[in-house]
1. When all C-alpha to C-alpha distances in the range 57-184 are sorted into bins of 5 Å, what percent of pairs does each bin hold, rounded to whole numbers?
2. Starting from the amide H of Ser181, placed 1.01 Å from N in the peptide plane, find each other amide H under 5 Å away whose residue is 5 or more places distant or on another chain.
3. Hey, how many Å between the Cα centroid of the range 156-185 and the Cα centroid of the range 115-143?
4. Please check which bits of the range 74-112 a label hung off Ser152 would reach, taking the label as a point 7 Å along Cα-to-C-beta and the cut-off as backbone N under 14 Å.
5. At 7 Å along the Cα-to-beta-carbon direction for both Asp82 and Ala95, put a label point, then send me their distance in nm to one decimal.
6. Assign unit charges at the C-beta atoms only (+1 for Lys and Arg, -1 for Asp and Glu), then state the dipole size of the range 57-184 relative to its Cα centre in Debye, rounded to the nearest 20.
Amino acid sequence: MRISGPRAVLLGTAAVVLTVVAVVLGLVLRGASPPSTRTPAAGPHVVVAPSAGRVDVARAVGSLAVLRDWDRSRARAWADGDVPGLRALYLPGSAAGEQDVRMLRAWLRRGLRVEGMAMQVLGVELRRRTERRIVLVVTDRLAGAVGVRPRSGERVALPRDGPSTRRLVFTRSGGRWLLASATAR
């Protein structure tokens with residue numbers, strides 16, 4: 001089923017809001033005491049984790065939107081086999097960018113383009129957000145991608161991807177958010 005137009009925007013917005021609410025609740029509930037230490041008479045209670053501080057929902061949603069937009073642009077570059085377009089998504093000199101470009105070139109040498117690339121975000125934590133920098137800890141996995149031979153249209157199954165967690169640092173440069181680094185956690 002394909003959803004487009006205003007319904008797609010509404011569903012996409014709802015998905016982002018639900019994800020952010022889940023992240024915020026996760027931050028708040030992370031500080032709750034384990035069930036075995038609660039007294040039954042006291043009833044349930046929530047303690048905000050000291051490291052969570054105040055969570056600004058608008059900043060969290062905005063940061064998640066940056067990640068989603070960046071992932072979509074990356075998927076488009078991979079589907080088009082666009083090496084310069086892929087490189088433009090990274091801060092110049094980024095090791096993560098160089099590795100991504102090497103991987104794309106390797107697939108292109110094999111005569112394959114990667115289509116349907118989507119990152120399934122399983123968890124995200126906003127660590128820092130300023131006017132020029134966003135630091136996220138993201139657990140995600142590649143979903144739905146397939147290799148395609150452009151000449152024949154033959155579809156080639158890709159290796160299955162498991163969840164991985166990385167610390168992503170985005171830097172604002174020239175009015176765009178570029179990925180500066182991606183460090184495995």
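1. Percent of Cα pairs in each bin: 2, 11, 19, 24, 21, 12, 7, 3, 1, 0.
2. Amide H neighbours of Ser181: Val169.
3. 7
4. Under cut-off, by backbone N: 110-112.
5. Each label point is offset 7 Å from its Cα along the Cβ direction, giving 2.8 nm.
6. Values: 25 positive and 12 negative charges, 36 e Å.
Its charge dipole is roughly 180 debye.
Bear in mind these aren't lab numbers, they're just calculated from the coordinates by the rules spelled out. Computed from a prediction, not measured in an experiment: that's the story for all the values here. Using ideal geometry, Cβ is built from the backbone for each residue, glycine included, and neighbour counts are taken over all protein chains shown.
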